[in-house]
Structure formats: C-alpha cells, structure tokens
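The values are calculated or read from the model by the stated rules, or taken from the named source; none is laboratory data. Note that the structure is predicted; figures quoted are calculated from it, not measured. Methodologically, a virtual Cβ is constructed for each residue, glycine included, from the backbone with ideal geometry; neighbour enumeration extends over all protein chains shown. All accessible areas refer to the heavy atoms of the entire protein, side chains included, with ligands and DNA or RNA removed. Shrake-Rupley method; radii C 1.70, N 1.55, O 1.52, S 1.80 Å.
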Amino acid sequence: MLWWGMAGAFTLVWIFMVVLWLVAVRRDPGEVDDAAAERLQTRWIVGGGLVLPLVAIIAILIPGIPIGHGMLPTADDDVLKIEVTGHQWWWEVHYPDTGLTLEDEVHMPAGVPVHIHLRSADVIHSFWVPRLAGKLDAIPGHENVLKLEADEPGSYRGACAEFCGALHAHMGFVVHVHTVNDFEAWLEGAAEDD
Amino acid sequence: MSRAEHPVHLVAGLVVWMLWFVVLYGLLSVGCAVAPPGPGQGIWNWINASLWLISLVVVVGLALAGWWCWRAAIVSDESHARFMTRVSAAIYGLSAAATLAVALPVLFYPPCV
Amino acid sequence: MTEPSRQDRQELHRRFEAVWSNWPGLGTLAAVNHTSIGLRFMVTGVFFFLVGGVLAMLARTQLALPEQDILSPEIYNQVFTMHGTVMMFLFAIPVLEGLALYMIPKLIGARDLVFPRISSLGYYCYLFGGLIILSSLFLGMAPDSGWFMYTPLSSAEYAPGPGSDFWLLGITFVEISAMAAGIELTVSILRSRAPGMSLRHMPIFCWYILAMALMIVFGFPPLILASVLLELERAAGIPFFAVGGGGDPILWQHLFWLFGHPEVYIIFLPAAAIVSTLIPVFSQRPIIGYRWLVLAIILTGFISFGLWVHHMFTVGIPKLAQAFFSVASMIVAIPTAIQVFAWLATLWTGRVVFRLPMLWIFGFLFIFVCGGLTGVMLALVPFNWQVHDTHFVVAHLHYVVVGGMLFPLIAGFYYWLPHFSGRMPTPVLGAWGFWLTFLGFNATFLLMHLTGLLGMPRRVYTYEAGLGWDWLNLLSSVGGFVMAAGIAMVLLDVVLHFRFGRPAGRNPWNADTLEWATGTPPTSYNFASLPDLPTRHPLWESPQLMDSIPEGRHRLTSIDHGRRETFGTDAVTGRLKEVIHLPSNSWWPLLAACSLAVVCVSLLIRMYPLALVGLAGAAVFLLRWSWENGAHPGAAPFTGPETDDPPLHSRTCDGPGLWGMWVTMMANGTLFLSLIFGWLYSWTAAPEWQVPADSHVSIGLLLASGALLTVVTLGYDRLVTALCRGRAEGLFGRLAGLLVLAVAHWLLLLLAVLGSDLDVTAYAHDGLILVMLLYLLFHSSLATVLLGLQLTRVRLGYIGTELPYEPVVLRPFWLYLLAVFWISLGIFFWLPLAWVGGS
Ligand code: HEM
Ligand SMILES: [Cu+2]
Ligand SMILES: [Cu+2]
C-alpha cells in the first residue's frame, strides 16, 4: 500500500516538474526587471527547493519510522530459531532445537515471528524472500538476525541477493509456510526421518 | 575585512556538522561495543541521552553562528561582504537544521539493535 | 577593424604561439598545455565509454531472453564488472575532469593551469592504467567480483586469478590522475583567477568544479588505502579483511563507500555545472539564484560524505545508525531540489532559444528528476531492504548516472563543439541522435524498475522463464539497442560536422563567459593579454573584450623573455599578487608515468625486483622534474635585483606551489585518517580481533627518532620564517646541520622498522602497524631527500633571500610528517595501552 502511495505521489511530482519545464521554455516572460527576478527567486527556490523536499521527506518518514520499528527483531527467547548458513552456492538450513538440517528449503509456521540467524561459510551472501521480508546479509564472521513472519501458509521463493560468484543466479531457495499445527507435525515427521 | 565575511565561514558550519556526525556515529558504535544498555531500556539509556545532549549543543552553537553572520549581512553595505555573510549565514542555518534532522531518530530508536 | 591593429594582432599571436605551442610531431607527447591535455582526456574518455557501451550491449543480449547461454556465468560476471568499472572510473570521472581541465583557465581568464606538468602526468597515468585494466578483458582474466569488489569474494581465496589484481592496481594507477586533477583544479581556481574576480564573480561553473576537485581530494584517499590493503592481503597474505586473522570484510565496504558515495556527486557536480552554464545562455539572462546555487554546491559537497552507509543497510548495522544515514540521504535531496528550481526559474524568466544542446538538457531534467525521486525512495530503510540489489537499483542508478551525467555531458559537448572545432553541429542528425537515445534509454530502464519490484536480483547472468520478467527484459534489451543506435548517430554527427558543419564564427550562442574570447578553436595561450574581470558575465557586459584581448590591450603582454606566464591572485578577493611562471613542454611526466606503468605491470605479474626498478625510475624522473623550477635556468633564472611589480611567484613566500602542497597534504591526511579509521574500526568491530602477545616494535627507537624529527622540523620552520623576513645568515650551514639530524631521524626510524618483530601474515593487528610504519618511513625518506636537494639548490644559488619560495613550499611537508608521526605513535601504541590498562 505504502509503496503504491509513494510511487503515485512521486509520479505526480515528476509529471509536474516536466510540465513546468515545458511551460517555462515555451512562455514569453515579457520584461523581467531585477526586483521581479529577485522575488521570483525567493518564491521558487524556497518553495520548490526547500519546502517541497521537506514535505516529501516528512511524508515518507511518518509511516517509515514505525515500519522500521516493526522490523526490529524482538527478544530471542520464545520464538522459533532457525540457523541459515550461506555457502557457494547453496543454503544450509538448521533447526537447533531438533538438530534437523535441510538444504535450500525453509519450513516455518504461519502467523508467528521466526528468527533467522544468518551466517556465511565463505563469501557474503544475502538472504531474501521478497514477499515476506527485506533482505539481510550473511557475512563471514558475523551473525545477523532477520525477523521473518508470514501471515498465510504457502510456498514463497527466496534468492541470494548479494553477488557471490559464478553461480549466484542459481542460489534460490523455497520457504514453506505451514499452519502452526501442520508445522509441528512436519517437524516431528522430519525429525524421525532423519 | 570584518570577521563575519572571512571565507572560513563558508565551510565552518558544515565542518562542524561533519565532526558532529563522526562523533555521533563513533560514540554509538563504541558505546554499543563497550557498554551496551540493556534491551528493555528502550530509548531511555546513557547512549541516547548523551547523543541527544551533544546534538542539542551543536544545534544551538550553529544557530548562534548563523544568527551572527546574518546580522553582519544586514548591516554590510558592500556587495562582496554581503555575499559572503549571507551565504555563510545560510550554511550555518542549514547545518543546524541538518544536525537536528539527523539527530531526530535518537528520539525513536534504541541504540544497539 | 583597421589594418594596423590586425597586423599587430597577428604579430602578437605569432610571438605567443612560439612560446606556448606544443612541439611538433612526436614531441606533442610532451605537451603540458591544458587545452591539449583536456581534449586528450575527453577523447580517451569517450573511447572508454564506447568500450563500456559494448559491454552493456553484451549483457543486455544475454538477458534478453530467459535461460540463454550466449555468455557463460564466468564471462557474464566479467562483463558486468568491467562495464561498471569502465563506466565509473575510466569514463565518467576522467571525461569530466578533462572538460574541467579544458575549461577552467579559459573561464577565469588564465593562460594555463598552475601545474601544467601535473596535467600531463595525470593524463598518462589515466591512459596507461585504463589500458592495463582493459587488457585484462582481452586476456580473459578480467575482474569479476562486481565494481565494488567486496571481499572475500575478491580475495585471494575466492578470486585466485589475477582479475582482482588488475582492478586494484589499475584503478589505483588511474586514481593518481584523479588526485592530480583534483589538486591542480583546486589551486588553479583559487589562485589564478583574473585580477578582480572575487569569489562572488566566479562563473558558477567554477564553483561546481571547485567543489568537485575538493571532493576528489577528500573522497579518493579511502579507496586508495582500501585498494592498497586488499592488494597487500592478496599478494602478501596480510589479513586486513579476512576474519581469521582479525580482519573484517565490512571494513572494505566502509572504505569503499566512503569513496563511492561522494563519487556519485563527483560525477554529478560537473554535469550540473554544464547545466548551470547552458541554461542561462539559452535563456539569454543571468542565472536566477546564484547565491542559492553556491549554497547548494557547498551543501552537496559536505553532506554527500555523510551518506556512505546507505549502501550498507543490509549488513546488519544497528537500526539507529541506519536511521542517521537514512535521514542524511534524504537531506541531500534539498540542495538538488534547489538547483533544479533555480534552473526552472531561469528558464521561466528568460526568452528561451531552443537549440540542440537544450534538447539534451531537457532529457537531463526528465531522467534525472525521476532518478532523484527513486533515490529518495531508496533512502527509506524498509523500502531499501526490499529492493536493494535488485534491478530496481540498476534502473535507479542508470537514471542518475545517465540522466545526471551522460545527458548533460552530451549537451555540453554540443555546446562547446564550435569551441573545439570552429564548426556548428547539424540540427537534423543531432535531433535524431537525441530522440533515439532518449526513447531507447527510457524503454530500457523505466521498465527495469518494474522488473526489480517483481523481484529480479541484479548481477544474475540469467533467470528462469515464467516469473513475469520475460517480456520486461526483452523490451529492456530492445531499448538498449535503440539507445546504442542513438549514440552512434551522435558520434556520426560529430564526425561529419568536422567536414560539413558551417563555420561557427565568434561566440555562436551569444554566451556570457570568457572561453568564447579565446578563439574558435582556441589559441594555445588562450589570451594574448589578461583583462581585469570584476564580473560574472564578461562577454555580455563588455563584448569588446573579444577584440581587445587578442589585440593585447590588457596586461601581461610581454613575451620576449620566452616564459609562459599568467597572473596569480588572492583566493578570496582576486587582488593581483604575483606573476606565475609556468613550465613548458616536458618529457618528465611521460617518463614518470611509464615508470609507474612498469611498477603496475610488474606487481601484476609478481616480478617484484622489476617493480623496484620501476619505482626507482619514477622517483628519479619526478625529482628531476622538480629540479626544473624556480630560478633553474630552464624556468626563471635570477638575473640580479628584480623590481617587477607584481613579482614572479618564485620570488615570493606564497605561490601556487605552497597551496598545492597544502592541498596535497589534505589529501594525504585523508589517507592517513582512513588508516586510523581502519585501525580503530578493526580494534572495536572485527569479530576475531587479536592482539598478539609476542610482537614487538622498539618504542625507544621511535621516540628517539621522533625527538630528532621534532628538532629538525622546528629548526626548519624557524629557518624558513627567517628567510621570508629576508634573513639568510649561515643558510647553507644551518640547512646542512638540519640535514644531518634529518638523516639521523630517518636512520633511527629505519632501524625501528627493520628491527620490529611483527607477524603480519597471522594478525591484522601487526599488518596495520606495519602499514603505518612504512607510511612514516616513506614520508621520512622523501622529506629527507627533498631537504638534501634544497641544500644543493642553496649552493647553486636557486635559493636565497630573493628566492625564498622553495623552502616555503617544503615546510608543510615537514610539519605534516611531524604531526602524523606523533599521532601515529599515540593512536597505535599509547591508546591501546591506555585502553587495556583502563579496563
Ligand atoms: C549505454 C547504456 C547502458 C546500458 C544499456 C547499461 C546496462 C547495464 C546493465 C544491464 C547492468 C546490469 C548488470 C547486472 O547487474 O547484471 C549495468 C550495470 C551498471 N552500469 Fe550500466 N548501462 C549503460 C550505461 C551506463 C553508464 C553511462 C554508466 C556510468 C556512467 C553505467 C554504470 C553502471 C554501473 C556502475 C553498473 C553496476 C555494475 C555492477 O553491478 O558491478 N552504465 N548496466
Ligand atoms: Cu549470491
Ligand atoms: Cu550512495
């Protein structure tokens, strides 16, 4: 929603600027004396150069700050923890609670936040599921925590979003989101298979 | 040459802004490395407080400098001096505004997460 | 015009030409003249643009359809890395530098830049470095880690071939030319403006270039340091960025973007300078809001250094820190908006003459505003998380660089074409070129925003069919080829105009700035006489300058001494201070650049002894070059008491060389600060930082060396101060004494370095200390050698009370050495002790 609002507003600004330019080029200004030019300068530059960008900035910060807030990981204790390690060119997915390890697929319950602990075994990768959350890098020597939350069960495509060498393009993965009950069942089944 | 039209005022405001920015980012990083406040504290902790305090001091200082140049601009009758003092005053003013704006998130976000 | 004046004029022209022209034949390679060097920069830049363009077309061909394998992933990665590298480092920056080198003296009423040989050195470093990088493509071992070369992907472990070395060494080599241009432009603009041109009278173009030049001075050193460190890591195994040894890959990102973000504005400012120059001319009225533009330029220059982390929002930096950079990124929109509205207001109040260059300015506005708006969107962290590293960013980036740089540049080329060649472009072909480029560009990149929003990551060599990206990519590729056709049309137009363009005559656009008084095409000396210019619009206010200048009716017309000369003036007020005598054609820059190329290539193929030979050669050539200065017979020999008013600059205590030295030390200081940053950063943030227990550097030796350094520097300082007051008793003896102490200082430092026990391949800690020690040793050696040369020059009579200039120029170097010496000791040895002791 926000994106479309922002994109729409910005498109309007863009069209406005281009039209303004066309009119400015076409029109015959008549005689403009220095005093008139001075007045015009103040009006245009203060209006367009200071007020306009300030309004735009405030307009996107007001919804932006709370959204940023919501993306902060919450306390680590009571959420499902999944450890994901980037390799050239695959993802190792590990569930520390059950000792389960998967390759290029993540399973998680719907409706509750999950913490993805990101690490890298070699170069920098970036874990990204476009429809669920922003991306976060997996960097050698560092651990980053991404809060992931899906409202609806289903399968979501993910990709590596930081260039990591020859087969970077093929470093995709899938996130399977189950209802909480299905997820418990899956977890038990998978742990038995193991 | 009066002091307010010295060319150093063309850049001094932004130099201060930059130094402040380095201190802001540096203090935050070092603070989080050395003595990170507990996660429950939200924005009420020593790091946010000191960042905010430093920022306020800088804003006030820059604003005063801007006002000083502006007064010099109003009384000066020579065009070179007027040019220099006006631009300098605007630089100080905008530096103060930029300081305030960049410091604003200190009021909203906890420091180290 | 009466006959006699015409004859005088030609006689004057002939005599000036004899002194100022380049040597014929191959001798033209020794040229130092800013007009020639500027043109060479621009032509070479356009060549690299075409190379980058061909690479882009290769990439677009590969991406046109899903799951193609025209290019293998290995090749595709080289292609996009080289495209980005060539476009940013070998096209955008150099071509704009070239334009600035060409224009600045002509705009400020000077005959050349103040350090002509540096222009030449810069050009050759650019040319050779560019060719070395380009050769990697043909050898099939081009860099392939992306144009920002993130470690560890670019490190020896994951990029074992020489690709990364080509990038690191080649780019550093090219960087020399950027630094050279930055320093030279800064000093020229500040110190060689026409008498009476105070800051407020500078054409707005000069403000932009001044800001760009200073941004280069402060922006490039972090990258130079980072490249040196990474190359050391690759070649010698010092783990600056490798986690295991206590390094951190994030440090590379900080250093790279500390350069990389300002770089975007280094490209944008000169382009905006072109826009701000053309719009008033085609509106036939002075620009509205000159003062506001100056303000916007200064703001941009500073604030763009506070944004670098916005390229690193996904590395896991604390939210609050991200917010600082996010807000700062939005703030830069303000100066840009100020400029856009000043341009609009100028058009609004002017009677616009719509000619070909204006078409490209329109394209600029259309594309750049869109790029700016998507930029504000990207500055918002949550949104950035969503589209960072997708094709949305590729689209945004091209809207900014192509809109904000390429379009104004072509506008500028068309505008100054009559100045370069004396002929006008043809309107029809030119318009075709514009529309094809414009439509092709938008077809390529407007759609790409959507491709990115639909989730296509960047830097992928191919993609699966059926994700909704297919038709978008196909259209983007078609658009790319339309754009290429447009560019080809523009080139054709330019080539044809040399043959078919109608002669331009003088000042064909009725412009206000002085470059149009240098002739179309310009003479080698620009102005036969130098007028006072207390105005921003010389040719609108006094069109007769077009005649009175070449007729020699202003100042500094004597040329019989055979020296190239121009005026030196006060940095703020433009008050006339001295006559700057400039060197003429010289082989030293070419020879020095060749030696540096040897160094670069031999480091690439890891023949280190050869590198040492090259380094020695470069040192010899550079010192030999510096020998021909001041009262040397090849420059301005001293012939007994001089009473000239104003005096020659080498007879004063404050000339352009001193300013150049200070600006160089500012750049150097930025390099040093970057090293300090690396040290402090690693100390606090590297995940496995370790302080080895058993490494050892003799603090005693360092303290002793520092004590001697302090004595030498203070003694030298007093000696120079006395010299400038006209006292030179015992100059030779005192200088010789200082030299002895300086050598002792150097020896102690050398001993400390040689005697140090550092395990550099195991610990980043020790590696950083070694780099610091070598940095000090390099400066100490250079300072000592230069002091020795001064002593010889005193003996030869090139230095004395009448000729105090050279010791004055050297003084900042010693002061700088003194400062960095003690700061290094404090930060590298004392601070950690205090830290460990305190906790
Ligand atoms: C002539 C029209 C151009 C076309 C069709 C074009 C096309 C492309 C494409 C397809 C990519 C994406 C490669 C990828 O991410 O897989 C790219 C990246 C890039 N382009 Fe261009 N480009 C053009 C002009 C320019 C210009 C004029 C500049 C700079 C002055 C430029 C600078 C860059 C940079 C810096 C990158 C990023 C490279 C990287 O990711 O390492 N491009 N371009
Ligand atoms: Cu990847
Ligand atoms: Cu940036």
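Tabulated data for the structure shown
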{"read-out": "Odd one out for B:LEU62, checked against (1) under 22 Å from C:VAL332 (Cβ atoms); (2) within 12 Å of chain C (Cβ to nearest Cβ); (3) open to solvent by less than 10 Å² (accessible area, probe 1.4 Å)", "value": "(2)"}
{"read-out": "Those residues of the stretch C:540-555 which are open to solvent by 10 Å² or more (accessible area, probe 1.4 Å), touching a helix residue (DSSP H, G or I) at 6+ places or on another chain (Cβ under 7 Å) and of a type outside the set (Asp, Glu), in sequence order", "value": "C:LEU545, C:MET546, C:PRO550, C:GLY552, C:HIS554"}
{"read-out": "Failed condition for C:THR336, given (1) more than 7 Å from every other protein chain (Cβ to nearest Cβ); (2) open to solvent by less than 10 Å² (accessible area, probe 1.4 Å)", "value": "(2)"}
{"read-out": "Criterion: assigned by TED's automatic domain parsing to the domain that holds C:PHE115, within 34 Å of the chain's Cα centre (by Cα) and not in a helix (DSSP H, G or I) - qualifying residue of C:TYR461, C:TYR525", "value": "C:TYR461"}
{"read-out": "All positions within the stretch C:277-287 that are surrounded by fewer than 24 Cβ atoms within 10 Å (Cβ to Cβ) and over 11 Å from C:TRP509 (Cα atoms)", "value": "C:ARG285, C:PRO286"}
{"read-out": "Matching residues, the stretch A:153-184, being more than 16 Å from ligand 1 (Cβ to nearest atom) and over 17 Å from A:GLU105 (Cα atoms)", "value": "A:VAL180, A:ASN181"}
{"read-out": "Every pair of residues 6+ apart whose Cβ atoms lie under 9 Å, when the first sits in the stretch C:387-409 and is within 18 Å of A:HIS168 (Cα to Cα) while the second is within 12 Å of ligand 3 (Cβ to nearest atom) and open to solvent by 30 Å² or more (accessible area, probe 1.4 Å)", "value": "C:VAL387/C:HIS396; C:HIS388/C:HIS311"}
{"read-out": "Criterion violated by C:GLU642 - all others in (1) in contact with a strand residue (DSSP E or B) (Cβ under 8 Å, 6 or more places away or on another chain); (2) part of a helix (DSSP H, G or I) satisfied", "value": "(2)"}
{"read-out": "Residues of the stretch C:747-766 satisfying the condition of being open to solvent by less than 70 Å² (accessible area, probe 1.4 Å) and free of Cβ contacts under 8 Å to residues at least 60 places away in the same chain", "value": "C:LEU748, C:LEU749, C:LEU750, C:ALA752, C:VAL753, C:GLY755"}
{"read-out": "Sole exception among (1) closer than 30 Å to A:ILE139 by Cβ; (2) away from every other protein chain (no Cβ under 12 Å) for C:HIS254, by number", "value": "(2)"}
{"read-out": "Every residue from the stretch C:132-162 that is open to solvent by 10 Å² or more (accessible area, probe 1.4 Å) and not in a loop (DSSP other than H, G, I, E, B)", "value": "C:ILE132, C:LEU134, C:SER135, C:LEU137, C:PHE138"}
{"read-out": "Per-region count, the stretch A:134-147, residues more than 7 Å from chain C (Cβ to nearest Cβ), over 11 Å from A:HIS87 (Cα atoms) and crowded, with 23+ Cβ neighbours inside 10 Å", "value": "1"}
{"read-out": "Hits in the stretch A:26-44 (condition: of a type outside the set (Phe, Trp, Tyr), closer than 17 Å to C:TYR290 by Cβ and at the interface with chain C (Cβ under 7 Å from one of its Cβ atoms))", "value": "A:VAL32, A:ALA37, A:LEU40, A:GLN41"}
{"read-out": "Scope the stretch C:411-442; condition open to solvent by 40 Å² or more (accessible area, probe 1.4 Å) and in contact (Cβ under 8 Å) with a residue 60 or more places away in the chain; matching residues", "value": "C:PHE413, C:PHE420, C:ARG423, C:THR426, C:PRO427, C:LEU429"}
{"read-out": "The lone exception for C:THR520 - which of (1) of a type outside the set (Asp, Glu); (2) closer than 21 Å to C:MET57 by Cβ; (3) open to solvent by less than 70 Å² (accessible area, probe 1.4 Å) it fails", "value": "(2)"}
{"read-out": "Any hit, the stretch C:297-320, residues being over 16 Å from C:PRO203 (Cβ atoms), of a type in the set (D, E, K, R) and open to solvent by 10 Å² or more (accessible area, probe 1.4 Å)", "value": "yes"}
{"read-out": "Among residues of the stretch A:74-88, those that are modelled with pLDDT under 90 and either in a strand (DSSP E or B) or farther than 24 Å from A:GLU152 by Cα (or both), counted", "value": "1"}
{"read-out": "Options C:GLY363, C:GLY375, C:GLY301: the member that is within 16 Å of ligand 1 (Cβ to nearest atom), in a helix (DSSP H, G or I), at pLDDT 90 or above and of a type outside the set (A, V, I, L, M, F, W, C)", "value": "C:GLY363"}
{"read-out": "Test: C:PRO286 is within 14 Å of chain A (Cβ to nearest Cβ), away from ligand 1 (no atom under 15 Å from the Cβ) and within 24 Å of B:VAL87 (Cβ to Cβ)", "value": "yes"}
{"read-out": "Residues of the stretch B:73-113 that turn out to be within 11 Å of the chain's Cα centre (by Cα) and more than 7 Å from chain C (Cβ to nearest Cβ), as a count", "value": "8"}
{"read-out": "Wholly enclosed helices (runs of 4 or more DSSP H) of the stretch C:720-839 bearing at least 2 residues in contact with a Gly (Cβ under 9 Å, 6 or more places away or on another chain)", "value": "C:731-755, C:764-795, C:805-824"}
{"read-out": "Matching entry among C:PHE256, C:PHE282 (being away from ligand 2 (no atom under 16 Å from the Cβ), touching a residue at least 60 places away in the same chain (Cβ under 8 Å), within 21 Å of the chain's Cα centre (by Cα) and assigned to a helix (DSSP H, G or I))", "value": "C:PHE256"}
{"read-out": "Options C:ARG351, C:ARG355: the member that is facing another protein chain (nearest Cβ under 8 Å), among the basic types (Lys, Arg) and over 30 Å from the mean Cα position of the chain (by Cα)", "value": "C:ARG351"}
{"read-out": "Qualifying residues in the stretch A:165-189 (those that are within 14 Å of chain C (Cβ to nearest Cβ) and closer than 18 Å to A:VAL93 by Cβ) - the one nearest to ligand 3 (Cβ to nearest atom)", "value": "A:MET171"}
{"read-out": "Some residue of the stretch C:61-81 being in contact (Cβ under 8 Å) with a residue 60 or more places away in the chain, small (Gly, Ala, Ser) and exposed (fewer than 15 other Cβ atoms within 10 Å of the Cβ)", "value": "yes"}
{"read-out": "Residue within the stretch A:25-33 that is in a helix (DSSP H, G or I), modelled with pLDDT of 80 or more and more than 27 Å from B:LEU100 (Cα to Cα) present", "value": "yes"}
